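Enquirer: First the structure, then my questions, so here it is.
The values are calculated or read from the model by the stated rules, or taken from the named source; none is laboratory data. These numbers were taken from a predicted model, which means no experiment stands behind them. Here the Cβ is made from the backbone with ideal geometry for all residues, glycine too, and neighbour counts use every protein chain on show. Remember, those area values only see protein heavy atoms, side chains included, never the ligands or the DNA or RNA. Shrake-Rupley method; radii C 1.70, N 1.55, O 1.52, S 1.80 Å.
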Amino acid sequence: MLKSGLVSVSFRGLAPEEVAKAAVASQLEGIEWGGDVHVPPGDLERAKQVRAITERAGLKTFAYGSYYRAGENENPKQDFLPYLQAAEVLGAPSIRVWAGTKWSWRGDESYVKRVVEDTKIICDMAKERHMKICYEYHGWTLTDNRFSAVDTVKLAERDNLYLYWQPNFALTEEENRLALKMVLPYLDHVHVFYWDANEARFPLSQGQTLWKSFIDMIKKDGKDHGLMLEFLKDDSTQQCINDALTLNSLLILEE
């Protein structure tokens, strides 16, 4: 089943209560809580509070959006623990992490190995708590394109390692469809937004046809995925309501 949600860092300037309020007003089902502002790693009291806020609002925590960079840590077991603990208290089934700090074409064999070995360690830690690890699909990481993203997941050889996905609007619609098709077997969640190649933001309604084509593809795998709004035009709560209306209408069409 596909469920609509919100990435909390869309509203970094709002308190968790206000983020949850925005999600409810937008008739969204869940939130990816960010680890930079709303639920910092290691702050277990804040994680407990945010979990309570989420549950009182009738929302689900889809994931913990961490800023942990695999391959950039002296001691992954020690360094990842605060993220894991925060996610566990928050009640997040997935933890988003980043596959290093280099574009895939700049990561040599030794760098890839470092990222992968780090990933194996944190995946094993997460599995003990019945959680998934998900690579962000993003520039300046080894998972910046479909080929490298899938290769990196395969190299880690962990059954609780997944991918996020988001379109790259510097590519054509067909190129993005090919990317989605390739990562779909490893997909957990999707970040939903609409902008142009220069990162100028637009209402999601202007990309409705494009996003319908993506959702059609995602629906076919028959699995659960969160489709979460971010990069809202003008960082507006009203735009969140408007974009959620578009997203929810597309999900209803696919039921």
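Enquirer: Any idea which of (1) over 18 Å from the mean Cα position of the chain (by Cα); (2) touching a residue at least 40 places away in the same chain (Cβ under 8 Å) is the one GLN238 doesn't satisfy?
Expert: (2)
Enquirer: Next question. With respect to GLN206, determine if the residue is of a type in the set (S, T, N, Q), open to solvent by 70 Å² or more (accessible area, probe 1.4 Å) and modelled with pLDDT of 95 or more.
Expert: So GLN206 passes the test.
Enquirer: Out of the stretch 39-85, which residues are over 24 Å from TRP140 (Cβ atoms), of a type in the set (Asp, Glu) and open to solvent by less than 70 Å² (accessible area, probe 1.4 Å)?
Expert: The answer is ASP43, and nothing else.
Enquirer: While we're looking at this one, here's another question. For the stretch 153-185, which positions are open to solvent by 70 Å² or more (accessible area, probe 1.4 Å) and among the hydroxyl-bearing types (Ser, Thr, Tyr)?
Expert: THR172 - this is the single residue of the stretch 153-185 that is open to solvent by 70 Å² or more (accessible area, probe 1.4 Å) and among the hydroxyl-bearing types (Ser, Thr, Tyr).
Enquirer: Closer than 24 Å to PHE231 by Cβ and out of contact with any Gly (no Cβ under 6 Å at 6 or more places or on another chain), is that true of TYR135?
Expert: Considered against the rule, which asks whether it is closer than 24 Å to PHE231 by Cβ and out of contact with any Gly (no Cβ under 6 Å at 6 or more places or on another chain), TYR135 comes out as yes.
Enquirer: Which of the residues belonging to the stretch 186-201 are open to solvent by 20 Å² or more (accessible area, probe 1.4 Å), in a loop (DSSP other than H, G, I, E, B) and at pLDDT 95 or above?
Expert: Within the stretch 186-201, TYR194, ALA200 meet the criteria.
Enquirer: Consider the stretch 226-255. How many of its residues are farther than 25 Å from LEU14 by Cβ and open to solvent by less than 20 Å² (accessible area, probe 1.4 Å)?
Expert: The total comes to 1.
Enquirer: Look through ASP188, ASP224 and report the one residue that is in contact with a Gly (Cβ under 9 Å, 6 or more places away or on another chain) and under 20 Å from VAL150 (Cα atoms).
Expert: ASP188
Enquirer: If you don't mind, another one. Specify which of the listed residues (GLY35, GLY71, GLY5, GLY91) is closer than 22 Å to LEU251 by Cβ and either of a type in the set (D, E, K, R) or at pLDDT 95 or above (or both).
Expert: When all the criteria are applied, what remains is GLY5.
Enquirer: Quickly run through the stretch 172-185 and pick out the residues that are over 25 Å from LEU6 (Cβ atoms) and either of a type in the set (S, T, N, Q) or assigned to a loop (DSSP other than H, G, I, E, B) (or both).
Expert: THR172
Enquirer: A further question on this structure: With the condition kept exactly as written, say whether any residue in the stretch 109-126 is open to solvent by less than 10 Å² (accessible area, probe 1.4 Å), in contact (Cβ under 8 Å) with a residue 60 or more places away in the chain and within 18 Å of the chain's Cα centre (by Cα).
Expert: Checked the stretch 109-126: no residue is open to solvent by less than 10 Å² (accessible area, probe 1.4 Å), in contact (Cβ under 8 Å) with a residue 60 or more places away in the chain and within 18 Å of the chain's Cα centre (by Cα).
Enquirer: Could I ask something else about it? Only residues that are over 18 Å from TYR64 (Cβ atoms), open to solvent by 70 Å² or more (accessible area, probe 1.4 Å) and assigned to a loop (DSSP other than H, G, I, E, B): list them for the stretch 127-152, please.
Expert: TRP140
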